[in-house]
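The values are calculated or read from the model by the stated rules, or taken from the named source; none is laboratory data. All of these numbers come straight from a predicted model, not from anything done at the bench. Cβ placement follows ideal geometry from the backbone for every residue including glycine, while neighbour counts extend to all protein chains displayed. Just so you know, the surface numbers come from the protein's heavy atoms only, side chains and all, with ligands and any DNA or RNA stripped out. Shrake-Rupley method; radii C 1.70, N 1.55, O 1.52, S 1.80 Å.
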Amino acid sequence: MASVIERTRTAHEDKERAEERIVEILNTNVRTHHERLNQQHELAALLERIDTAEESLRDLYGDKYGDRKQEISSLGGEGPVLFGNFYEQLREAKDYHRKFPDIPVQSGKLEKLEMDVTFSGEEAYGKYVDLHWFHEQFTNLPRVRSALPKEDSTLEYRRYLQIFHIFDDEWPSKNAQYRTYIDDLQSYLKDFMTRTQPLEDMDLLFTQTDNDLNAFLAKSANPTWAELRNQHEVEGESLVGSSKIKAEDGMEVDDPLFCNACKKKFAKTTVFEAHLKGKKHKRNVQRAGCTANSNQELLKTEYQIFRLALALRDVLDRTRRFVESKQAKNWTEIQADLEDESAEEDISDDDDDEEEIVQGIKDYPLDWDGKPIPYWLYKLHGLGVKFKCEICGNATYMGRRNFERHFQDWRHTHGLRQLGITNSKHFQEITKINDAIALDKKLDKDRKTSEWNVDEGMEYEDGEGNVVPKKTYEMMKRQGLIQE
């Protein structure tokens, strides 16, 4: 086991190496969404490593069991005692490395961490949310379709993305199936936010959410979702309707003659007071008290979903726009848009960096007005990639497009003609002279092989009806084996 001082030194080293790697990452300019998300996950992993090292250092410097103090005191002494302690520790170090000779030596610089973040195809590496399964579960909840307005009776996925986080007190049935749906939805949103925003402190977000809800519950004995939404100034309505619970005959909760426990309205005060003393009312009150904690947990989960949706508002809006665009396009157009979006990410639009890059490129192509072409166009056509053609006299072509086009130009055709070769599609992508000559010989051989041979192709039939090639027939006829 390593000494306390050695473990302290190792913890300091791990912390410093992680800090140096963080500085290196922050000084790196990322251009795509994929690179940016991987960078954030690496930063989160490094910060967690620093926290672990600091926690270890606090324990070591705290010296709860006095090991640090004892080890430091053992390093002191005079004369034989001092050297005896030194050689004892030296012997232990040699024995340890003799026992484990293949221990790898860490370099001074921390290498890049490989982050493995998994997303579904619909999520597009964190650009969109994938709530299709929850949309299906929501529409299959009991009495949902009857509670929805006529315009939302089908409840398309696009509409669901707008209202899934807007809850209501009038929901027709908050049974076990509904609670399962709510718990799964909360787990997905939390996991999605952890994957897309790794630097966000989820524990702090949920602690703040719980504190806000508890403070609101302390102010209001009978809170409603309308009041919770107004607290955050969120526009929108639940699909069910208003946020006031109504009895079967239409009277509202705040009616003085309405019994919340029994969901019943009374016409007279005397009858209402007598009802409050009845056994049925007391049983309903007790039953309501037993479910109070369960309802509070459900409200807590719904409020967490509400707050997570607010934190993911930009992603939800982007997802809704993407779904709307998919409904107006076919599969080919959707794939083309995804490829264009990926290409736009790969091409930087940072003008300051472009000027420095353009100035550092030799023979940078110019536009028709004599000015350098945009750098994104330079990268799009791959003009920074050089292709040489030996057949054209070692000419150099900039960009894949120019390279493919030159195979039909006069220079390449003339070079092949000098080799005694006729230019054709078979010589596409052939730039070496030896390769062109070898291919021409192979094509000539295949051409001769495929030609029709009269001796082998023409067939004869003898008197007995046997069909043989012309060459065989003539040979057998000369030997007298066949009679006409």
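Here r is the Cβ-Cβ distance between D130 and H426 and R0 is 51 Å; the resulting FRET efficiency, rounded to 0.05, is 0.60.
The slack in the chain from E19 to R31, taken as 0.36 nm per residue of separation less the alpha-carbon distance, amounts to 2.0 nm. Note on E324/E88: beta-carbon distance plugged into 1/(1 + (r/R0)^6) with R0 of 51 Å gives a FRET efficiency of 0.10.
Local charge for R401 was computed over the other residues whose Cβ lies under 15 Å away, with Lys and Arg +1 and Asp and Glu -1, and equals +1.
Taking all protein chains together, W376, W331, W225 sort by accessible area into W331, W376, W225, largest first [probe 1.4 Å].
The modelled label-to-label distance between N214 and H12, using points 7 Å beyond Cα along the C-beta direction, is 4.1 nm. Determine which residues of the stretch 205-219 fall in the zone a paramagnetic label at R313 would reach in this model, i.e. backbone nitrogen under 17 Å from the point 7 Å along Cα→Cβ. Under cut-off, by backbone N: 209.
When C262, C389 are compared by accessible area of protein heavy atoms, the largest-first order is C262, C389, using a 1.4 Å probe. Partners of K15 within straight-line reach, counting lysines whose Cα lies under 17 Å from its Cα and excluding those fewer than 8 residues away in the same chain: K109, K112.
In this structure, the residue pairs whose Cα-Cα separation is over 22 Å, taken from K69/K99; K425/K448; K265/K300, are K69/K99; K265/K300.
Tell me which lysines have Cα within less than 18 Å of K432's Cα, excluding those fewer than 8 residues away on the same chain? Candidates past the 8-residue exclusion: K386, K388, K441, K442. Largest to smallest in accessible area, the residues F138, F83 fall in the order F83, F138 (1.4 Å probe, all protein chains included). Taking every protein chain into account, the 1.4 Å probe leaves F387 with about 40 Å² of accessible area, to the nearest ten. Taking a straight Cα-Cα cut-off under 28 Å and skipping sequence neighbours fewer than 8 places away in the same chain, the lysines within cross-link reach of K326 are K127, K150, K190.
Phi angles across the stretch 111-116 convert, under the Karplus curve 6.51 cos²θ - 1.76 cosθ + 1.60 with θ = phi - 60°, into 3J(HN,Hα) values of 6, 5, 7, 8, 9, 10 Hz, Gly and Pro given as x.
Between T154 and E273, the simple label model (points 7 Å from Cα in the Cβ direction) yields a spacing of 5.8 nm.
Between N402 and R179, full extension at 0.36 nm per residue minus the direct alpha carbon distance yields a gain of 74.1 nm.
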